[in-house]
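Novice: Below: one structure in structure tokens.
The values are calculated or read from the model by the stated rules, or taken from the named source; none is laboratory data. Being a predicted model, the structure only gives us computed values, none of them experimental. Quick reminder, even Gly has a Cβ in these numbers, built from the backbone with ideal geometry, and neighbours come from all protein chains shown.
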Amino acid sequence: MTKIVVLDRDTIGPSVEIVRPGFAHDWVEHGKTAPDQVAERIADADIVITNKAPIRAEQLAAAPNLKMISVAATGYDVIDVPACKERGVVVSNVRGYAEHTVPEHAFALILGLRRSLFGYRQDVIDGEWEKSGQFCFFNHPISDLAGSRLGIIGAGVIGQGVAKIASAFGMEPVFAAHKGTEGFGSLYTPWDEVITTSDVITLHSPLLPATRNMISTPEFEAMKSNAILINTSRGGLVDEAALVDALDRGLIAGAGFDVLTKEPPEPNNPLLKILERPNFILTPHTAWASDEAMKEVWRQVIRAIDDFHAGSPSNVLG
């Protein structure tokens, strides 16, 4: 009987019903799996479901029966896809599930920063309103979105979803590919122009060798001083120490992040030291996690397994 091993069920919210494949199988489910537990847990598996538990060449070598990996995410940097291909292991991911949830979260961060919502909320808690002696006060800057330029790095489903919301707010959305690429046609505005002219920059790119730390000190020094940077895509796209330096120096006005280079963060992560600042917002990688989106993730995970079992693999990588 086909053995299916789930490595990190807890990365899918408890509101999601864990529907199983339609064919006969042996189901083994783990809430969490540390990297050093992966090899043992997949040793006799035919199919593995993982979100963030890594499967590299070393783990693959310990799993001679493995035929298929269903990744419960769009990003698949936790999987050694070339090694899977070499061993004949099919890898499928999920696609398009976040077209609403991530753009909405990105705009929650954008609005929170442009309207200084968190700074003013804290002021009210601290009694500043009572002390002001008038109906309002002006401790933090407030800017409209209408008429501003939104630079979107990445023009996939999520980037396009962000652009739709931006247009509804009266913003001017422009797209750029990642740094160092050109020749993509009229959809794209040159990288340097997007960096230097955008009032808001939002990242929607995969984490690749070419995109790691693509936003660092040179980019911050080139940005408008009133710009804000949003990252709901992948940790590692931004040099985190350079971001803190940019905020310290006033090179940009603020930043909203949902992802970090290391998750959960290590105690020495520089962004943890600026959590109290009103112009910085950090959320715990929840942009993707609306109930609707998580249910769609799981639907695609199981569909990919059913398709593979039926002889017609779908959403195949590599």
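Novice: Can you spot a residue in segment 124-144 that is on the phi < 0 side of the Ramachandran plot and within 24 Å of the chain's Cα centre (by Cα)?
Specialist: Initial filter on segment 124-144 (on the phi < 0 side of the Ramachandran plot): 124-126, 128-132, 134-144.
Cutting the leftovers down to within 24 Å of the chain's Cα centre (by Cα) gives us none.
Checked segment 124-144: no residue is on the phi < 0 side of the Ramachandran plot and within 24 Å of the chain's Cα centre (by Cα).
Novice: Then there is this: Can you tell me how many residues within segment 74-92 are in contact with a Phe, Trp or Tyr (Cβ under 8 Å, 6 or more places away or on another chain) and more than 14 Å from Ile47 (Cα to Cα)? If you could, list the steps in order and put the result at the bottom.
Specialist: Let us first name the residues in segment 74-92 that are in contact with a Phe, Trp or Tyr (Cβ under 8 Å, 6 or more places away or on another chain), namely 74, 90-92.
Subsequent filtering for residues that are more than 14 Å from Ile47 (Cα to Cα) retains 74.
Going through segment 74-92 one residue at a time, the tally reaches 1.
Novice: If I filter segment 101-116 down to residues being crowded, with 17+ Cβ neighbours inside 10 Å and more than 13 Å from the chain's Cα centre (by Cα), which single residue comes out as farthest from Trp288 (Cα to Cα)?
Specialist: If we take residues in segment 101-116 being crowded, with 17+ Cβ neighbours inside 10 Å and more than 13 Å from the chain's Cα centre (by Cα), then Ser116 is farthest from Trp288 (Cα to Cα).
Novice: When Thr286 is evaluated against the numbered criteria (1) more than 16 Å from Arg234 (Cβ to Cβ); (2) surrounded by fewer than 17 Cβ atoms within 10 Å (Cβ to Cβ); (3) within 21 Å of the chain's Cα centre (by Cα), which criterion, by number, is the only one it fails?
Specialist: Against the list (1) more than 16 Å from Arg234 (Cβ to Cβ); (2) surrounded by fewer than 17 Cβ atoms within 10 Å (Cβ to Cβ); (3) within 21 Å of the chain's Cα centre (by Cα), Thr286 comes up short only on (1).
Novice: Okay, moving on. Scan segment 212-224 and give yes if some residue there is surrounded by fewer than 22 Cβ atoms within 10 Å (Cβ to Cβ), more than 19 Å from Arg249 (Cβ to Cβ) and either in the same structural domain as Gly254 (by TED's automatic domain parsing) or under 16 Å from the mean Cα position of the chain (by Cα) (or both), otherwise no.
Specialist: So far as segment 212-224 goes, yes, one or more of its residues are surrounded by fewer than 22 Cβ atoms within 10 Å (Cβ to Cβ), more than 19 Å from Arg249 (Cβ to Cβ) and either in the same structural domain as Gly254 (by TED's automatic domain parsing) or under 16 Å from the mean Cα position of the chain (by Cα) (or both).
Novice: In contact (Cβ under 8 Å) with a residue 60 or more places away in the chain, in a loop (DSSP other than H, G, I, E, B) and under 30 Å from Asp199 (Cβ atoms) - does that describe any residue in segment 290-300?
Specialist: The first filter runs over segment 290-300 and keeps only residues in contact (Cβ under 8 Å) with a residue 60 or more places away in the chain, leaving 290-300.
Filter once more, so that each one left must be in a loop (DSSP other than H, G, I, E, B): 290.
Within this subset, residues satisfying the condition of being under 30 Å from Asp199 (Cβ atoms) are 290.
Checking segment 290-300: at least one residue is in contact (Cβ under 8 Å) with a residue 60 or more places away in the chain, in a loop (DSSP other than H, G, I, E, B) and under 30 Å from Asp199 (Cβ atoms).
Novice: Given Val174, Val162, Val194, Val200, which one is without any contact (Cβ under 8 Å) to a residue 40 or more places away in the chain, buried (at least 19 other Cβ atoms within 10 Å of the Cβ), within 27 Å of Thr261 (Cα to Cα) and not assigned by TED's automatic domain parsing to the domain that holds Gly75?
Specialist: Numbers: Val162 fails: without any contact (Cβ under 8 Å) to a residue 40 or more places away in the chain; Val194 fails: without any contact (Cβ under 8 Å) to a residue 40 or more places away in the chain; Val200 fails: without any contact (Cβ under 8 Å) to a residue 40 or more places away in the chain.
Selected residue: Val174, the only one of Val174, Val162, Val194, Val200 that is without any contact (Cβ under 8 Å) to a residue 40 or more places away in the chain, buried (at least 19 other Cβ atoms within 10 Å of the Cβ), within 27 Å of Thr261 (Cα to Cα) and not assigned by TED's automatic domain parsing to the domain that holds Gly75.
Novice: Return the residues of segment 236-267 that are under 20 Å from the mean Cα position of the chain (by Cα), surrounded by fewer than 20 Cβ atoms within 10 Å (Cβ to Cβ) and not hydrophobic (A, V, I, L, M, F, W, C); say none if nothing qualifies.
Specialist: Within segment 236-267, Gly236, Thr261, Lys262, Glu263, Pro264, Pro265, Glu266 qualify.
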